[in-house]
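Colleague: Okay, handing you the structure first.
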Amino acid sequence: MITFKAVVEKKSFSVAAEFLGYSQSNVTKHIKKIEEAVGFALFLRGWKATLTKEGSLFYKEVDDLLNHWRSVCSVSREIETEQIGEVRIGIIEPLSKQLLPRIIGWMKTYRPKMNVTFELGNTARLSALVQNDELDCAFCGKYNDLSQELEFEKIGKDEIIIAALNGHELLQKKAVSLSDVLNYPVVYGDKTCLSYQVFMRTLQQQDLLNKLKTHYICSNQLLIPDILSDNQLGILPKIIMDEKKNNIKTLTTINTDTELSYGLIKKKRNYNYLAETIGSITKLAIQEFGD
């Protein structure tokens, strides 16, 4: 198209060739390719670059065609560098408060034209969404029942802590056991929460399940530090604990193994358009939650 435009404006094949830095035979080849594509002659045969009637009509559209092609090339470069499209990310609640602002900030700087959708949920649900291609990846806890189609990349670790209101009598002890904790009402997440599963497994290992009495279930673990009252104790991931809250303290516990592992779950595949974007976001998470 650029060659055709130059021939028309320079009114000569040879002058256009010199202007473009092409050989005259290449200019002729370019024109023939267009004529073969459109199905009609652009120039009257002869020494002069005289347009046919069809060629004159076609020339009026050249600028629009070139602008459109430049737009296509620009979009192609954006696709190649993962600048447009949508990335769908799952995040479990304990990671959301710290990770969401970091991801949004990175996307704003490095992927300003790309849309991002966040889905909050538990590890089991988010893993299923990744497997069904409804999410591109998910930041979750380590999941023992992970499908063979998925892979888990560790980004950091955490632990379950026992939180109490300032002034709770257990805070007077240097260290408490889980037996001490179970003498008080406890608040924890529901059965889908990784912290609940780890806590229950620890109680079972220590043969303490039968001592679990009054308990309150909060499906949103982020709220646990805000809803504790009286002599209740909160069971939650350490990452949720807001150290700035002067009215909430963490108990020092003994004989407990309540470590949590966080990581990225994604599909095992040889090709993924968003591989570079997801890789960069994963590095962000490792910086935030790494050991």
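Colleague: Suppose we keep only residues that are open to solvent by 60 Å² or more (accessible area, probe 1.4 Å) and in contact (Cβ under 8 Å) with a residue 24 or more places away in the chain within segment 64-75. Which one would you say is nearest to Lys11 (Cα to Cα)?
Modeller: Leu65
Colleague: So which residues in segment 233-274 are under 30 Å from Asn132 (Cα atoms), exposed (fewer than 14 other Cβ atoms within 10 Å of the Cβ) and modelled with pLDDT of 80 or more?
Modeller: Glu259, Lys268, Tyr273
Colleague: Enumerate the pairs (first residue in segment 130-141 and open to solvent by 30 Å² or more (accessible area, probe 1.4 Å); second residue anywhere and polar (S, T, N, Q)) with beta-carbon separation below 7 Å, excluding pairs fewer than 6 apart on the same chain, so at least 6 apart or on different chains.
Modeller: Gln131/Ser147
Colleague: Also, I was wondering about something else. Checking Pro225 against (1) at pLDDT 90 or above; (2) under 21 Å from Asn247 (Cβ atoms), only one condition comes out false. Which one?
Modeller: With (1) at pLDDT 90 or above; (2) under 21 Å from Asn247 (Cβ atoms) applied to Pro225, the lone miss is (1).
Colleague: Hydrophobic (A, V, I, L, M, F, W, C) and either modelled with pLDDT of 90 or more or more than 35 Å from the chain's Cα centre (by Cα) (or both) - does that describe any residue in segment 184-194?
Modeller: Within segment 184-194, the subset hydrophobic (A, V, I, L, M, F, W, C) is 186-187, 193-194.
The next check asks that each one be either modelled with pLDDT of 90 or more or more than 35 Å from the chain's Cα centre (by Cα) (or both); those that pass are 186-187.
The answer is yes; a qualifying residue exists.
Colleague: Further question on the same structure: Which ones in segment 17-56 are surrounded by 12 or more Cβ atoms within 10 Å (Cβ to Cβ), of a type in the set (A, V, I, L, M, F, W, C) and part of a helix (DSSP H, G or I)?
Modeller: If the condition is that a residue be surrounded by 12 or more Cβ atoms within 10 Å (Cβ to Cβ), of a type in the set (A, V, I, L, M, F, W, C) and part of a helix (DSSP H, G or I), then Ala17, Phe19, Leu20, Val27, Ile31, Ile34, Val38 are the ones that fit.
Colleague: Look at Phe118 and say whether it is outside any helix (DSSP H, G or I), open to solvent by 30 Å² or more (accessible area, probe 1.4 Å) and touching a Leu at 6+ places or on another chain (Cβ under 9 Å).
Modeller: On the way: outside any helix (DSSP H, G or I): yes; open to solvent by 30 Å² or more (accessible area, probe 1.4 Å): yes; touching a Leu at 6+ places or on another chain (Cβ under 9 Å): yes.
Yes, satisfied.
Colleague: Now for a separate question. What do you reckon, is Arg77 outside any helix (DSSP H, G or I) and either out of contact with any Cys (no Cβ under 8 Å at 6 or more places or on another chain) or at pLDDT 95 or above (or both)? Before the answer, list the steps.
Modeller: Values: outside any helix (DSSP H, G or I): no; either out of contact with any Cys (no Cβ under 8 Å at 6 or more places or on another chain) or at pLDDT 95 or above (or both): yes.
For Arg77, the condition - outside any helix (DSSP H, G or I) and either out of contact with any Cys (no Cβ under 8 Å at 6 or more places or on another chain) or at pLDDT 95 or above (or both) - is not met.
Colleague: Further question on the same structure: When the residues of segment 142-162 are narrowed to those that are within 19 Å of Arg201 (Cα to Cα) and touching a helix residue (DSSP H, G or I) at 6+ places or on another chain (Cβ under 6 Å), which ends up surrounded by the most Cβ atoms within 10 Å (Cβ to Cβ)?
Modeller: Taking segment 142-162 as the starting set, the residues that turn out to be within 19 Å of Arg201 (Cα to Cα) are 142-146, 157-162.
Still in the list and also touching a helix residue (DSSP H, G or I) at 6+ places or on another chain (Cβ under 6 Å): 143, 158-162.
Details: Tyr143: 19, Asp158: 21, Glu159: 15, Ile160: 21, Ile161: 20, Ile162: 24.
By that ranking, first place goes to Ile162.
Colleague: Within segment 79-113, how many residues are surrounded by 15 or more Cβ atoms within 10 Å (Cβ to Cβ) and over 25 Å from Cys140 (Cα atoms)?
Modeller: 1
Colleague: Among the residues of segment 200-208, is there at least one that is without any contact (Cβ under 8 Å) to a residue 60 or more places away in the chain, open to solvent by 60 Å² or more (accessible area, probe 1.4 Å) and more than 28 Å from Asn144 (Cβ to Cβ)? Talk me through it step by step, then tell me what you get.
Modeller: Our first condition is that a residue be without any contact (Cβ under 8 Å) to a residue 60 or more places away in the chain; within segment 200-208, this holds for 200-208.
So of that shortlist, the ones also open to solvent by 60 Å² or more (accessible area, probe 1.4 Å) come out as 201, 204-207.
After this cut, where a residue has to be more than 28 Å from Asn144 (Cβ to Cβ) as well, the list is none.
Within segment 200-208, not a single residue is without any contact (Cβ under 8 Å) to a residue 60 or more places away in the chain, open to solvent by 60 Å² or more (accessible area, probe 1.4 Å) and more than 28 Å from Asn144 (Cβ to Cβ).
Colleague: What pairs come up if the first residue lies in segment 12-37 and is at pLDDT below 95, the second is open to solvent by 90 Å² or more (accessible area, probe 1.4 Å), and their beta carbons are under 6 Å apart, counting only those six or more places apart or on different chains?
Modeller: The qualifying pairs are Phe13/Gln24; Ser14/Gln24; Ala17/Gln24.
The values are calculated or read from the model by the stated rules, or taken from the named source; none is laboratory data. Bear in mind the structure is a predicted one, so any value in this text is a computation, not a measurement. Ideal geometry is used to build each Cβ from the backbone, glycine not excepted, and the neighbour counts take in all protein chains shown. Remember, those area values only see protein heavy atoms, side chains included, never the ligands or the DNA or RNA. Shrake-Rupley method; radii C 1.70, N 1.55, O 1.52, S 1.80 Å.
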